[in-house]
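S.K.: Here you go, one structure.
The values are calculated or read from the model by the stated rules, or taken from the named source; none is laboratory data. All values derive from a computational prediction rather than experimental measurement. Glycine also receives a Cβ, built like all others from the backbone with ideal geometry; neighbour counts cover every protein chain displayed. Please note that ligands, DNA and RNA were not included when accessible areas were found on the heavy atoms of the full protein model with its side chains. Shrake-Rupley method; radii C 1.70, N 1.55, O 1.52, S 1.80 Å.
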Amino acid sequence: MDQGRYQGTDHGTDHGTDHGTDHGTDHGTDHGTDRSPDRREDHGRDHRTDLGGREALRELLSGVDARRFRLALALLCDGRWWTLADLVRATATSRRGVEALLREVATERSGERFRPVPEEARACRELLGDEPVTAPVLPADPVGHLLPHHTESVELMERLIAGAPRGLHVLDHVAATPETVVRRALLLGARFWLPGARLLCVGDHDLTSLAVALLHPDVEVTVVDIDERILAYIGEQAARLGLDVRTRWADLRLGLPPSVHDHADLAITDPPYTPEGIGLFVARACEGLRDVEQGRILLAYGASERTPMLALKVQNALHDLNLAYEAMYPDFNRYFGAEAIGSAADLYVLRPTTKTRPAVAARTERFATAIYTQGPQAVESRAVESGRTEPGRAEPPAAGPSAGTVDAPAEFAPGVLVGEWPKDMLPRIPRARLSTWLSKPYAAAQERVAIAVPAGLEGALPRLLLAARAHHVRAFLGGSPGDLAALSELLSPVYEVTAHGHVLDAVRRPLPGEDRGEDRGGDRAAGPSAHADRGAGEGWDVDDATDAVLRRILDNAHGKLANTWREALTRLPGGPTKKQARSIVAAVAPWSADVTPLELPAHRLRELRSAVSSSLRSVAGTA
């Protein structure tokens, strides 16, 4: 489950119920023998094992929604030891619901595990009667019967999920079970014709991309995600297993990467479980479909049985996008954690209509940056509670001429303001949205640019800086800049980066060759890194050429990486033809096709220098 399993409060009539307090804490629960000494503990309010008069228990076991509690009680009475997390996940019942049941049953405990005392178990079985509710079954699982034929895939996914980076609570991460991601892949194959199809995973902390590529190797899978660690892990594992999975960085609040617009036949997403998060992720999935009439979106979403108003708000967000519901499989998805929603979520199959694209276009610019249930970008976060300064009013660097004043951007004298700024600040200066800044190059060249980066969007900072063509960029941050050393290393081919508090300065480095005093003559008019065309007689220095080609690529951050790279190779003295250059680039960097530098995950940006160097050595070897 990628970005959002942690159930927040419902803002409707169920406000205040089922706060998710056990976000992923039960992953890795010991299912084996517990060495702690057994002890008996009466969870119930009535010490009698005679069920006469146990009205609270009888009430839980009556009514049309009682099946989940009857199943939980039947499982409790089968003699096995249970943990709370396991019982929640097996019954898809909220933690609060299971705890309400346990309060009415006398149990014995062994460490974190429990089971009814023998007399209580016999009495509860009598109360349940002869109805067969002794096994956890999914009421609407069209592919459950296929799962026993894919045990090796489940075992592999179990290892992959266990080795994946730990979830981030600020991104609402909770891991899906290996059986869940394999069943998602099986459902795709059972419902759709997949040979030659393209699948877009809009967020993929669950590693659904790897399961689909494993079971359906003829599907082209692309992942967009904000989490650099997940993108690196998926890329590494896909390469190791020989799977066709491509990775793209994206903060969906700022847009979908250009290379996946109108790209996919199918999309799947497991977003933050807020109306805002669901609306945003599904809208981006719609933008990624190339054929609205044929495309489908699979959405994982779950709510506690106690919070129907929250589910209604989410469904209203889907209705606003004019999507048709083709199917909804209850409790299809199971998770390690997310006990507030029963460690389960439904799987929706959504079909766009002719009115979906206009609805998406009308709403994407209105989506708020607060889409999560936790952290600085939580729906219920308040700037005053976070203690952060408004980005546009941040203190400037201590060494600056206006240190300590609120007019730092004015003193900086930018040619353009990027992001959200107070209306009364530099009203005559042109402005650009963060999303616009990333989607296309700014028309006019500027010497200085000021960027306001809200708390929670710091992950976009490297791309926001690469998207600028100014000599000096100053970023006013709503939060900490994070690992400054890593950021400086990532941007070192282009910028010298320094930070003072919540203000970061990026000053453009001289073009390769300029810092050595080389006379470039009229080359400046040819654009950034034009000296990459220069050679040394019949040959040229690979290291110098690497610096120049890399700088040319990063200076053209909005352009297609492979095209810029290929052109730089062909312009070398004695360089290859366009066809040869295309083959060389594809061989050393197969991940470079159709992608811009702004979409590259950080691990690919770090690999870029080595790949460029390899391409130049190939050119030198064939010259």
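S.K.: Run the accessible area of the range 202-293 with a 1.4 Å probe and give the carbon-and-sulfur part as a rounded percent.
M.R.: Details: 1110 of 2330 Å².
Summing carbon and sulfur atoms, their accessible area is 48 percent of the total for the range 202-293.
S.K.: Ok, one more. Given the range 556-623, what whole percent of its Cα pairs are spread farther than 21 Å? All intermediate terms of the calculation are to be shown ahead of the outcome.
M.R.: Values: 390 of 2278 pairs.
In whole percent, the long-distance tail amounts to 17.
S.K.: Once ligands and nucleic acids are excluded and a 1.4 Å probe is used, how much of LYS579 is accessible, expressed in Å² to the nearest 10?
M.R.: 150 Å²
S.K.: For the range 189-336, state what percent of all Cα-Cα pairs lands in each successive 10 Å bin, counting from 0 Å until the bin that includes the largest distance.
M.R.: With a bin width of 10 Å, the distribution comes to 11, 42, 36, 11, 1.
S.K.: Less than 12 Å Cβ to Cβ from ARG431, Lys/Arg counted +1 and Asp/Glu -1: what total charge do the surrounding residues give?
M.R.: Here the charged neighbours net out to +2.
S.K.: I would also like to ask the following. If I take R0 = 30 Å and measure r between the Cβ atoms of ARG509 and ARG159 in this structure, what FRET efficiency does the formula 1/(1 + (r/R0)^6) give, to the nearest 0.05?
M.R.: On the way: r = 43 Å, r/R0 = 1.44.
Computed FRET efficiency for ARG509 and ARG159 comes out at 0.10.
S.K.: Then there's this: Distance in nm between label sites at ARG351 and SER62, each 7 Å beyond Cα in the beta-carbon direction?
M.R.: 4.3 nm
S.K.: For ASP265, what charge total do you get from the other residues with a beta carbon under 9 Å from its beta carbon, if Lys and Arg give +1 and Asp and Glu give -1? Mind dumping the intermediate values first?
M.R.: Working: positive: ARG198, ARG290, ARG296; negative: ASP291.
With Lys, Arg at +1 and Asp, Glu at -1, the net is +2.
S.K.: When Lys and Arg each count +1 and Asp and Glu each count -1, what net charge do the other residues less than 12 Å away from THR596, Cβ to Cβ, add up to? It would help to have the intermediate numbers written out before the result.
M.R.: Values: positive: ARG248, LYS440, ARG463, LYS560, ARG604; negative: ASP594, GLU599.
Neighbourhood net charge equals +3.
S.K.: With respect to the cross-link table entries LYS355/LYS440; LYS440/LYS579; LYS355/LYS579; LYS313/LYS560, which display a Cα-Cα separation exceeding 31 Å?
M.R.: LYS355/LYS579; LYS313/LYS560
S.K.: Using θ = phi - 60° and the Karplus form 6.51 cos²θ - 1.76 cosθ + 1.60, what ³J(HN,Hα) does each residue of the range 454-468 get, whole Hz, x for Gly and Pro?
M.R.: Here the 3J(HN,Hα) series is x, 4, x, 10, 4, x, 7, 4, x, 6, 4, 6, 5, 6, 7 Hz.
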